[in-house]
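Report on one structure; see the data block that follows.
Read the figures in this text as sums done on the coordinates, not as results from a lab. Being a predicted model, the structure only gives us computed values, none of them experimental. Cβ placement follows ideal geometry from the backbone for every residue including glycine, while neighbour counts extend to all protein chains displayed.
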Amino acid sequence: MPDEASLGVTILGSGGALYAHGRHPSGQLLQIRQHQFLIDCSEGVQFRMADLGISPFPIQQIFITHLHGDHYFGLVSLLSSMILQGRKKPLSIFSPPGLEPIIRMQLEIAGKETGFPLQFVELLTESASYCIFENDDLSVWTLPLQHRIPVSGYLFREKAGQRKMIKEKIEEYGLSIEQIKAVKRGEAVFVKGRKIPAESLSTAPNPPRSFAYCSDTAYLPELAKILRGVDLLYHESTFVQADAAKAKRSMHATAAEAATVARDAHAGKLLLGHFSGKYNDLGPLLEEARAVFPNTFLVEEGKTYFP
Ligand SMILES: [Zn+2]
Ligand SMILES: [Zn+2]
């Protein structure tokens, strides 16, 4: 990741349920500071990660939105590979209810035993947004979405970061490790009896960023309220406006609807994905979305996006 970016998302799949026009089903690798998270895991996600040089080893949390195959059929193969590679690190998988028995049965019948703690966390999909995971650097919240089966989106909120040391100052003042830690926390330090404020030794931390993942879902105007001020928003846009009736029936969103959510939420940047296999040319989706929310981009597989 570039130095100034503390958050980036790499696209592992950009298409809807069917593989078409070189577009695979859903999967994204989110990096926030030193943490990596997998969001959705369609068939073959592990191969696309391997092609991009992304190791599954550091991932300790996987977030599955719903149990349509294009969002989790890659999970059992990913877990099998982890077992073969002798993984020891714990892994938690968050999803709507029903995933654990499917995965455990597949592993059991294949005679595979996980040599690492594997935990499934079932989400309350009918609930208002609530916090499901937290560490020193970030928190993760559910997003109530609407689809043909229970679904949850995810909102990742980075916490305020540490101040950044000015390297020359470390030598100039001969600062110890403890003093550097204090400065990073924003505390003044004493050097030869003189009090030096943190501001003279360091620069302000990067502003905390946020990322939201909304797929699959019907158009939900009320989402904008929960997403208010989100820096980077991924919202499914399966259809163009001419297919709005189809979108409504299948409980998906159009590009213009995704853009309306982004606009009403005052989002920083919108990423569109989960494109229907019906379209080869995605130009019209981008056009329709940009008419509502100009800072919109169509995701491309293998690319990493920043707020
Ligand atoms: Zn889908
Ligand atoms: Zn779906």
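With a ≥ b ≥ c taken as the square roots of the eigenvalues of the C-alpha gyration tensor of the range 5-98, please select rounded if a/c is under 1.5 and otherwise prolate if a/b is larger than b/c or oblate if it is not? Verdict is rounded for the range 5-98. Going from the residue with the fewest nearby Cβ atoms within 10 Å to the one with the most, 165, 82, 105 rank 105, 165, 82.
Between residue 200 and residue 164, the distance separating the two model label sites (each 7 Å from Cα on the Cα→Cβ line) works out to 2.2 nm. Taking the C-alpha atoms only, the angle from helix 99-109 to the longest principal axis of the chain is near 80 degrees.
Between 66, 147, 235, the GNM of the chain built on Cα springs shorter than 10 angstrom shows 147 fluctuating the most.
Between residue 245 and residue 291, the C-beta separation translates, for a Förster distance of 22 Å, into a calculated FRET efficiency of about 0.65. Highest-first packing order for the peptide set 110-120, 287-297 is 287-297, 110-120, based on the mean count of other beta carbon atoms within 10 Å. Once both labels are positioned 7 Å from their Cα atoms along Cα-to-Cβ, the gap between residue 228 and residue 190 label points is 4.5 nm.
Take the Cβ atoms of residue 106 and residue 306, set R0 to 22 Å, and the FRET efficiency comes out at 0.05.
Go through the range 150-196 and name the trypsin sites (Lys or Arg not before Pro) that are in a DSSP coil and have 11 or fewer other Cβ atoms within 10 Å of their Cβ.
Values: sites: 157, 159, 163, 164, 167, 169, 181, 184, 185, 192, 194, 195; in loops: 159, 163, 185, 192.
Sparse-neighbourhood loop trypsin sites (Lys or Arg not before Pro): 185, 192.
Rounded, prolate or oblate: which one fits the chain, using the alpha carbon gyration tensor with axes a ≥ b ≥ c (rounded when a/c is under 1.5, else prolate when a/b beats b/c, else oblate)? Note, shape of the chain comes out oblate. With r as the distance between the Cβ atoms of residue 281 and residue 34 and R0 = 35 Å, compute the FRET efficiency 1/(1 + (r/R0)^6) and round to 0.05. Computed FRET efficiency for residue 34 and residue 281 comes out at 0.35.
Rg to Rh for the range 149-307: what is it, with Cα atoms only and Rh by Kirkwood? Working shown, then result.
On the way: Rg = 22.3 Å, Rh = 18.2 Å.
Checking Rg against Rh, the ratio lands at 1.23.
For the set 112/246; 89/181; 167/195, the pairs lying more than 30 angstrom apart at their alpha carbons are 112/246. The range 163-225 and the range 241-272 have Cα centres separated by 36 Å. Working note: Cα gyration tensor of the range 164-203, eigenvalues times five, square-rooted, sorted largest first, giving semi-axes of 13, 11, 9 Å.
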